[in-house]
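Engineer: Let me begin by handing over the structure; questions about it come next.
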Amino acid sequence: AAQDLALWFLEGPTGAVGGLNYNLDIYEAETAERIKESYLELIDAIVAEPERPVRELAAIGNRERAALEAYNATTTATPEASCLATFLAPAFADHRDRIAARCGDRGVTYGALWARAGAIASALRGRGVAPGDVVGVHVERSIDMLAALLGTTRAGASYLPLDPSFPPERLAFMLADANASVVISDEALPETLGETRGSALRLSEVPEAADGPVHEAEGEDVAYLIYTSGSTGKPKGVRIPHRALLNFLASMAETPGLSREDRLVAVTTLSFDIAELELLLPLSVGAEVVIASKEDVTDGHRLRALLDEATVMQATPATWRLLLEAGWRGRQGFKILCGGEALPEDLAEKLLGCGELWNMYGPTETTIWSSCAKIEPGSGAVTVGRPIANTKIWVVDERDALVPLGATGEILIGGAGVALGYHNRPELDAERFLDDPFGHGGRLYRTGDLGRMRHDMTLQHLGRRDFQVKVRGFRIELGEIEKALADHVGPAVVVTRPGPGGEPRLVAYVVGEALPPAAELRDRLRATLPEYMLPSVFVPIAAIPTTPNGKVDRKALPAPPEARPAARDAVDGAPRTTSEKMVAAVWKDLLEIDRVSRSDNFLDLGGHSLLIMRAVTILEKETGKRVSPRAFVFQNLGQIALEYEQPEPEPEVPSAPEPVAQRLVSRLISAFRRRP
């Protein structure tokens, strides 16, 4: 039978004659030519050094090496500013009267936002904050959250993002590990944060505006310290210098591109580093950032409304699916930035009809995104494209030697975006960062990601080589969940498995004959883990399976039961009313389970934000009534069913609108009255 790729030789009177046959449906002529050249160069190397093992000889030929060097020829001028504050200052000066940010009904101009940041910087300096200090930012999503970041950088300090929704124990660890000198908060800090509460700076105590100098930091000083999931059971801090952040912002302004005419909707939690693009990039070019509230982010319909007048949004694939489920269809020219986890081809096809689609890739340790690709219709496999400015990407084997084009290896990233390292983790620095062996100087970061360089010189991401995973865009070390389970429940192994709709979900295998209800297990884990790290399913096992050499054998773990996951005790029995049966039918279909009880909670049965939006949409079509998605987070089936039985409130009769001229006069009078 014909083979897709075949190398052959025939021996004749004058020597051997050979050739390479290839399937035109699979291989391009250029690909076959490169395979042939690589083979001939390998033969030459063997002849030249017959005593060396073949695996030590050059894996790629000169032509391929030249192609990789051209791929990484990204050198361009870096920003002249030394730190984030001086980088942003010109945009704030040039656009004082333009709207810089909005959140809900409130908007703020560039001038007012810079003055608010100046007041926060002055307050921090008054607390003794000096360049090099770390300041925690524990503020709900708001304009003040943005002002707190800017105020910290104006004071010359490093900011530590702290999502108030995270477990207090996790936040307390971050603050203690980072040795934060002050914590900015929009309200009193929880008592569980311990000694750090005494160093809190309440924003309500800070004047609305103040002028003052920008305390410049150096390019190698830390701009922000951000914590990611850690395999040891504790999160690890990554130190990002100003020069890396500025290079990133300058590169993103060019490609995918952002201008002063844009309006970007920010949806990402501050503790996820891609939020830096959403909050800071618009301010660097005079654009407008719209900060979505927590409620907006989890409700596809509310988020859809925010996009009506926006031109750009960055989000994970899960959030884009949430929007599509809510009926969002985009429009020509709308810029879609998708990253945080792999972009599935089916989602890419849907998003291509909604605007200009960009696929983004990069780990926290190389400053947010390190490559991007504009996805075009009919372009085939979804790739992560080419490196951003002043960035180099290599694919290597286990010896850190470059692999041939098309071969799979580990992705290494170097250049201006490489972090200073981990905070107080020298052993981890030595493991994950290495000196560039390819003659370009500097350091490279071992991503732990698998990839291959396609023959069209675009990078394809192929997953992880270890037990770090991405679930709905969040980077998760499975070992951290296993450590929490060991502390609160018992020995366990955590893996990802496809859940309802094919979305990945966390499945915990816990040693024990019988386990408490899933709701109780999650309540125990919430003491140390954020919501996105809580397993959807808990499976009891007699013992953790191991390989002959004693390692955990994850392949031997049984498939999660298809039957209904253990959730709350079915004390209220099966659904009884018409509304309960209607809601139950939708839940069973979406969650792919065979039974539910009136006391079950959607999340406890394995649901997540995307499935919640699907349930809301389906039930709205059946009843004509829309229930808030947050009800599915906090209420059980019986309580949600009651909401569908409540009559719709009578619509309010709007009062006659105030004439435009009268509104203008009223505002002028108010303005004069406020004058000193």
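Quick note: the coordinates plus some simple rules give every number you see, no bench work behind them. All figures in this text were calculated on a predicted structure; none of them were measured in a lab. With ideal geometry, Cβ positions are generated from the backbone for all residues, glycine too; neighbour counts draw on all protein chains shown.
Engineer: So which lysines pass the test for Lys470, namely a Cα distance under 27 Å, with those fewer than 8 places away in the same chain ruled out?
Structural biologist: Lys234, Lys236, Lys294, Lys335, Lys350, Lys374, Lys392, Lys483, Lys551, Lys555, Lys588
Engineer: Running Debye on region 179-300 with equal point scatterers at the Cα sites and no solvent, what base-10 log of I(q)/I(0) appears at q = 0.10, 0.19 Å⁻¹?
Structural biologist: At q = 0.10, 0.19 Å⁻¹ the computed log10 ratios are -0.44, -1.46.
Engineer: Cut-off is 10 Å between beta-carbons; in what order do His608, His242, His215 appear when sorted fewest neighbours first?
Structural biologist: With the fewest neighbours first, His608, His242, His215 line up as His215, His608, His242.
Engineer: How do 401-411, 622-632 rank on mean C-beta neighbours within 10 Å, highest first?
Structural biologist: 401-411, 622-632
Engineer: I'd like the FRET efficiency for Leu428 and Lys621, computed as 1/(1 + (r/R0)^6) with the beta carbon distance as r and R0 of 45 Å, rounded to 0.05.
Structural biologist: Efficiency, rounded to the nearest 0.05: 0.35.
Engineer: I would also like to ask the following. Provide Asp133, Asp436 in ascending order of the number of other Cβ atoms located within 10 Å of each residue's Cβ, fewest first.
Structural biologist: By the 10 Å Cβ count, ascending, the order reads Asp436, Asp133.
Engineer: A follow-up question, please. Please report the Cα spread of the chain along all three principal axes, rounded to whole Å, starting with the longest.
Structural biologist: Dimensions of the chain along the principal axes of its Cα atoms: 104, 66, 51 Å.
Engineer: Continuing with this model, one more query. For the pair Ala305 and Glu28, how long in nm is the line joining their label points, each one 7 Å along Cα→Cβ?
Structural biologist: Result: 4.7 nm between the two label points.
Engineer: Test of understanding: ordering Lys621, Lys374, Lys234 by Cβ neighbours within 10 Å, fewest first, what list do you get?
Structural biologist: Lys621, Lys374, Lys234
Engineer: Determine the shape class of region 578-645: with a ≥ b ≥ c the square roots of the Cα gyration tensor eigenvalues, call it rounded for a/c under 1.5, and otherwise prolate if a/b is greater than b/c, oblate otherwise.
Structural biologist: Note, shape of region 578-645 comes out rounded.
Engineer: Hey, if you put +1 on the Cβ of every Lys and Arg and -1 on every Asp and Glu Cβ in region 146-239, which of Tyr224, Thr153, Ser204 ends up farthest toward the positive end of that dipole?
Structural biologist: The listed residue farthest towards the positive side: Tyr224.
Engineer: Just the Cα atoms of region 457-513: what Rg and Dmax do they give in Å?
Structural biologist: 13.7, 52
Engineer: Using only the C-alpha atoms of region 300-346, find the volume of their convex hull and express it per residue in Å³.
Structural biologist: Value for region 300-346: 75 Å³ per residue.
Engineer: Rounded to the nearest 0.05, what FRET efficiency do Phe173 and Thr255 have when you use their Cβ-Cβ distance and R0 = 35 Å?
Structural biologist: E between Phe173 and Thr255, to the nearest 0.05, is 0.40.
Engineer: Subtracting the Cα-Cα distance from 0.36 nm times the residue separation, let me have the gained length for Val17 to Asp456 in nm, one decimal.
Structural biologist: Fully extending the segment from Val17 to Asp456 adds 155.0 nm.
Engineer: In addition: Measuring from the lowest to the highest alpha carbon on each principal axis, how far does region 5-58 reach, largest first, in angstroms?
Structural biologist: Computed over region 5-58, the largest-to-smallest principal extents equal 39, 32, 13 Å.
Engineer: Find the all-direction average of the projected area of the Cα convex hull for region 328-458, expressing the result in square nanometres with one decimal place.
Structural biologist: 9.1
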